[in-house]
Amino acid sequence: MLMAPITAAPRQQRHNVLQGEFEVSSDPHLVLTTVLGSCIACCLFDPVAGLGGMNHFLLPTPPEHVRSEPSEEARRYGLYAMEMLVNGMLKRGATRSTMRAHLYGGANLHSGMRAIGSENAEFARRFLRDDGISLARADTGGTLARRLDLQPASGRVRCREVAQAFPQLQRPALPPTSGDVELF
Amino acid sequence: MPKRILAVDDSLSMRMLLRASLTSAGYDVAEAEDGRAALEWLENNEPTLVITDINMPRLDGFGLIAELRAQERFRDMPILVLTTESSPEKKARARDAGATGWIVKPFDPEKLTVAVRRVMH
């Protein structure tokens, strides 16, 4: 299950999943790790296929932009981040019906600004609901950053709030190949 | 009467985004969740264009294109692939199967609409 805490294991390899990245693995010695502020990390685990994965994204909404909900570009970016992770799982034998998701992050670090973290968390929840992927746990919101570890082969996860080492709020950009059209 | 486009993608979120983009450009949009569901819908319908994802359960985009090109009535219908994949090998495989074009996600609605217009007219 995704709920059990991670224990120290010998020969453990750690891979940092940076903003805009995703990773899927069934390597029992691998731990995926990241630090989240307003960003969201979605962890997927499929107990039948024996693999898991993590992404790390932030919807690209300019701070000065006053909107009640994410822009279309933001939704496209978020969809891309989620689809890359889901496809990565599906390609290696997972199915939507047996996948379980966890969501972490989405903190609102800066008071007086828009609740960017909450918007990111809501986007991810809606995606999972619409795409029929069960959300088993969500630890989102608040005002503190989080450090997250996922052992993808077992689905074990550890998330703890950290008062320091806030990740920088980066403006994500769409990938360079986005929207490329080639007619044959 | 607006031209009808069949959007095939296993992600409901993506289908909703496609529907929003294409209906605002004046097209009628039907949806199917994978290649098999698309074939079932196409038994009784004849859209002007099919836009399909590649990675889908039951029947993927490559299989769908091959099945459609094997049918006389769909031999000349444009088929656009819309996918997160960008490898030349997969692109060549889609072209060889009979795809009309290849669009990489996340798509730009304006580029998508331009491509749709070009292949349908």
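Key figures
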| read-out | value |
| --- | --- |
| Residues of region B:46-81 that turn out to be open to solvent by less than 40 Å² (accessible area, probe 1.4 Å) and hydroxyl-bearing (Ser, Thr, Tyr), as a count | 1 |
| Residue that is farthest from the chain's Cα centre (by Cα) [pool: residues in region A:75-108 that are of a type in the set (A, V, I, L, M, F, W, C) and open to solvent by 30 Å² or more (accessible area, probe 1.4 Å)] | A:90 |
| Single match in B:57, B:106 (criterion: in contact (Cβ under 8 Å) with a residue 40 or more places away in the chain and assigned to a loop (DSSP other than H, G, I, E, B)) | B:57 |
| Members of region B:93-114 found to be more than 7 Å from chain A (Cβ to nearest Cβ) and either β-branched (Val, Ile, Thr) or open to solvent by 40 Å² or more (accessible area, probe 1.4 Å) (or both), listed by number | B:93, B:96, B:110, B:113, B:114 |
| Residue that is of a type in the set (Val, Ile, Thr), farther than 19 Å from residue B:2 by Cβ and touching a strand residue (DSSP E or B) at 6+ places or on another chain (Cβ under 6 Å), where the choices are B:81, B:104 | B:81 |
| Tally of residues being within 14 Å of another protein chain (Cβ to nearest Cβ) and part of a helix (DSSP H, G or I) across region B:63-88 | 3 |
| Test: residue in region A:114-124 that is within 14 Å of another protein chain (Cβ to nearest Cβ) and in contact with a Pro (Cβ under 8 Å, 6 or more places away or on another chain) | yes |
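Here is a yes/no grid of residues against (1) under 18 Å from residue A:132 (Cα atoms); (2) at pLDDT 95 or above; (3) surrounded by fewer than 17 Cβ atoms within 10 Å (Cβ to Cβ):
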position	(1), (2), (3)
B:1	no, no, yes
B:6	no, yes, no
B:11	yes, no, no
B:14	yes, no, no
B:24	no, no, yes
B:27	no, yes, no
B:33	yes, yes, no
B:39	no, yes, no
B:44	no, yes, yes
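Per-residue answers, yes or no, for (1) closer than 28 Å to residue A:29 by Cα; (2) open to solvent by less than 10 Å² (accessible area, probe 1.4 Å); (3) touching a residue at least 60 places away in the same chain (Cβ under 8 Å):
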| position | (1), (2), (3) |
| --- | --- |
| A:114 | no, no, no |
| A:117 | no, yes, yes |
| A:122 | no, no, no |
| A:138 | yes, no, no |
| A:149 | yes, yes, yes |
| A:155 | yes, yes, yes |
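The values are calculated or read from the model by the stated rules, or taken from the named source; none is laboratory data. Model, not experiment: these values are computed from the prediction. With ideal geometry, Cβ positions are generated from the backbone for all residues, glycine too; neighbour counts draw on all protein chains shown. To get the accessible areas, we keep the full protein, side chains included, count just its heavy atoms, and leave off ligands, DNA and RNA. Shrake-Rupley method; radii C 1.70, N 1.55, O 1.52, S 1.80 Å.
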